[in-house]
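What follows is one structure encoded as structure tokens, with my remarks underneath.
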Amino acid sequence: MPELFYPLLFEPSLHVKVWGGKRLASRLGKHLPTDEPYGESWEIFWQNRVANGAQRGKPLGQLIQEQPLALAGKADADAEFPLLVKFIDANDWLSVQVHPNDALAMELEGEPRGKTECWYIVDAAPNAQIIYGFSQPTDAESFRRAIAEGRAREYLQFVPVQAGDFIFVPAGTMHAIGTGVLLYELQQTSDTTYRVYDWDRLGLDGKPRPLHLEKALRCTHFDVMPSAKVPYEEREVAAGVRHAQLIAGQYFCLERFRLSQSASWQVERIGRAHLLTVTQGNLALRTDESAELLILQHGNSVFVPACLSFAMQALSSQPTEVLIATETN
């Protein structure tokens, strides 16, 4: 088998944010090159460059363009892989914002896709919260007036969160991530964000960050008290291996595996790439095509090409937690 086909590690894309902190380093082991507040680590993204093996230095999109079926599972796969995996460290509130769906992203921005996303809470400070939808009935005109009068918070639903919570955020949902939350995000590949409120603060350049009120209101679903947390069941699928299906949706699927010490699990080839992220513990990964082990530490992510089956084995004395994302379409 050509040496192209092996699990791909990437150089993460790190993003400084006014609301960022230091937990990408202290909790997830990322190397932060400066003392600035880093808020996002884009783990698997079509422009990220490979950090291991024969394809080191090449962007993921180039490899998919060269071998679409083997890498992404589709002969016509676009180089712009449609899923993005990231970590977010909220040392302060993110802006209150909304994302467009596919149709509105094309209409308003000329972009090929909108941004539906989901969050898995990796860690949360006591009393940490998110904003999700509205707390009382409103419409575009009423909410616009509330923002102008400084009363936006009155209309927003605040939801407490803790580690292990799973939240699905479809396009059109008004939302914000709160202080003290460290999370894993799986999303459509899009960075189109419409801010409606930014907590009256200044950006890193000392100026207020721009708002996008009219576009945001075009996109928003004014649901009252929508359920933010998605319940899920965990079951034992093998000795020392517990599995939970977090979501199987229109754009992506996300599963969680928890493996006790030395436990292992085989993942069969299904014709789709697997995007693995270790959120606790350490993991050994082996493909059927190679006797070599790839060691993943907590905070590491890896792209397993669609043409490969693989086995994973826990290496930690404490339970190892792994999130596995796949494309639906």
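The values are calculated or read from the model by the stated rules, or taken from the named source; none is laboratory data. Since we're looking at a predicted model, the values are computed, not measured. Glycine also receives a Cβ, built like all others from the backbone with ideal geometry; neighbour counts cover every protein chain displayed.
Every residue, every condition in (1) charged (D, E, K, R); (2) in contact with a Gly (Cβ under 9 Å, 6 or more places away or on another chain); (3) closer than 26 Å to residue 47 by Cα; (4) in the same structural domain as residue 97 (by TED's automatic domain parsing), yes or no:
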| position | (1), (2), (3), (4) |
| --- | --- |
| 152 | no, no, no, yes |
| 156 | no, yes, no, yes |
| 162 | no, no, no, yes |
| 174 | no, yes, no, yes |
| 191 | yes, no, yes, yes |
| 198 | yes, no, no, yes |
| 201 | yes, no, no, yes |
| 207 | yes, no, no, yes |
| 214 | yes, no, no, yes |
Point to revise | Filter result for the condition that a residue is more than 26 Å from residue 312 (Cβ to Cβ) and either modelled with pLDDT of 95 or more or more than 16 Å from the chain's Cα centre (by Cα) (or both), over 55, 47, 67 | key: 47
Review point. List the pairs whose first member sits in the stretch 50-79 and is within 15 Å of residue 274 (Cα to Cα), whose second member is part of a helix (DSSP H, G or I) and of a type in the set (Gly, Ala, Ser), and whose Cβ atoms are under 6 Å apart, counting only residues at least 6 apart or on separate chains?
Key: 64/72
Revision key, fill the gap. Residue pairs within 7 Å by beta carbon, gap of at least six or interchain, first lying in the stretch 172-187 and on the phi < 0 side of the Ramachandran plot, second among the basic types (Lys, Arg) and part of a strand (DSSP E or B), listed first then second, are 185/86
Check your understanding: If we keep just the residues of the stretch 260-285 that are under 30 Å from residue 170 (Cα atoms) and part of a strand (DSSP E or B), which is farthest from the chain's Cα centre (by Cα)?
Key -> 267
Check your understanding: If a residue has to be crowded, with 16+ Cβ neighbours inside 10 Å and either assigned to a loop (DSSP other than H, G, I, E, B) or among the small types (Gly, Ala, Ser) (or both) to count, how many in the stretch 227-239 make the cut?
Key -> 1
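Can you tell me which of 253, 219 is of a type in the set (A, V, I, L, M, F, W, C), in contact (Cβ under 8 Å) with a residue 40 or more places away in the chain and buried (at least 18 other Cβ atoms within 10 Å of the Cβ)? Reasoning before the result, please.
Working: 253 fails: buried (at least 18 other Cβ atoms within 10 Å of the Cβ).
None of the other options fit; the residue is 219.
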Check your understanding: Got a number for residues in the stretch 168-212 being β-branched (Val, Ile, Thr), in contact with an Asp or Glu (Cβ under 6 Å, 6 or more places away or on another chain) and part of a strand (DSSP E or B)?
Key -> 1
Review point. Filtering the stretch 129-158 down to residues that are aliphatic (A, V, I, L, M) and crowded, with 21+ Cβ neighbours inside 10 Å, which residue is farthest from residue 243 (Cα to Cα)?
Key: 156
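Residue by residue, here is whether (1) in contact with a Leu (Cβ under 7 Å, 6 or more places away or on another chain); (2) at pLDDT 95 or above holds:
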| residue | (1), (2) |
| --- | --- |
| 181 | no, yes |
| 199 | no, no |
| 225 | no, yes |
| 269 | yes, no |
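Kindly indicate whether residue 122 is at pLDDT 95 or above, touching a Cys at 6+ places or on another chain (Cβ under 6 Å), buried (at least 17 other Cβ atoms within 10 Å of the Cβ) and not assigned by TED's automatic domain parsing to the domain that holds residue 301. So that I can check it myself, show each step before the final result.
Working: at pLDDT 95 or above: yes; touching a Cys at 6+ places or on another chain (Cβ under 6 Å): no; buried (at least 17 other Cβ atoms within 10 Å of the Cβ): yes; not assigned by TED's automatic domain parsing to the domain that holds residue 301: yes.
Criteria not met by residue 122.
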